[in-house]
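Next up is a structure, given as structure tokens.
The values are calculated or read from the model by the stated rules, or taken from the named source; none is laboratory data. Note that this is a predicted model, so its numbers are computed, not measured. So basically every Cβ, Gly included, is an ideal-geometry build from the backbone, and we count neighbours across all protein chains shown. These accessible areas exclude ligands, DNA and RNA; they are computed on the full protein's heavy atoms, side chains included. Shrake-Rupley method; radii C 1.70, N 1.55, O 1.52, S 1.80 Å.
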Amino acid sequence: QVQLAESGGGMVQAGGSLRLSCAASGGTFSTYCMGWFRQAPGTEREFVAAISRTGWPTYYANSVKGRFTIARDNAKDTLYLQMNSLKPEDTAVYYCAATSRALLATTSGQYDYWGQGTQVTVTS
């Protein structure tokens with residue numbers, strides 16, 4: 001069973017950048033496909049990005065495509081989300097998640113393990 005811990009959240013002005021990290025422990029990180037989700041107050045958790053076990057392919061929600069980049073370093077057991085050109089509507093708690101499925105997953109129900117989340121706030 002893998003444990004996940006996000007970091008790197010914070011407050012940034014619109015147009016700025018943040019990089020989130022997700023450190024994995026207690027499992028074999030390279031055997032999991034990984035994803036990022038986010039949840040704003042009063043809304044459902046939504047898919048942001050996913051990455052395969054090897055780092056390619058990747059898949060993005062339309063709302064972040066071209067602005068966010070998901071990546072992983074299997075040697076460091078760490079998942080990343082580089083977020084550029086941030087907008088106020090990107091404000092949410094961001095969660096990393098792991099799935100034992102072999103294919104990329106885009107719905108929360110397909111993921112087995114979750115981190116505790118990290119807050120991202122984008123001011124206008």
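From the protein chains alone at 1.4 Å, what is the descending order of accessible area for 59, 80, largest first?
59, 80
In square angstrom, rounded to the nearest 10, how much accessible surface does residue 54 have for a 1.4 Å probe?
For residue 54, the solvent-accessible surface is approximately 120 Å².
Evaluate the range 28-74: find the radius of gyration of its Cα atoms, find its Kirkwood radius, and give the ratio Rg to Rh.
Rg divided by Rh gives 1.02.
Pull up the DSSP beta bridges for the chain and report the antiparallel fraction as a percent, rounded to 5.
On the way: 37 of 41 bridges.
The antiparallel proportion sits near 90 percent.
Another question about this same structure. Measuring from centroid to centroid over Cα atoms, what is the spacing of the range 48-63 and the range 79-106 in Å?
9 Å
Could you compute Rg(Cα) / (2.2 N^0.38 Å) for the range 61-101, with N its residue count?
This ratio for the range 61-101 stands at 1.33.
Further, regarding this structure: Rank-order 23-35, 1-13 by packing density, defined as the average count of other C-beta atoms within 10 Å over each peptide's residues, highest first.
23-35, 1-13
Something else: By average Cβ neighbour count within 10 Å, what is the ranking of 61-67, 83-89 from highest down?
83-89, 61-67
While we're looking at this one, here's another question. Which net charge results when you count Lys and Arg as +1 and Asp and Glu as -1 among the other residues whose beta-carbon is under 11 Å from that of residue 82? The partial results should precede the final answer.
Working: positive: 19, 67; negative: none.
Around residue 82, the surrounding residues sum to +2.
Ok, one more. For the chain, what is the convex hull volume of the alpha-carbon atoms per residue, in Å³?
Cα-based convex hull of the chain, divided per residue, equals 89 Å³.
Mind checking the dipole of the chain: about its Cα centre, +1 per Lys or Arg Cβ, -1 per Asp or Glu Cβ, Debye to the nearest 20?
240 debye
Here's something else I'd like to know. Using Cβ-Cβ distances only, list the Cys residues of the chain with no partner cysteine under 4.7 Å, sorted by number.
When partners are defined as cysteine Cβ atoms under 4.7 Å apart, the chain leaves 33 without one.
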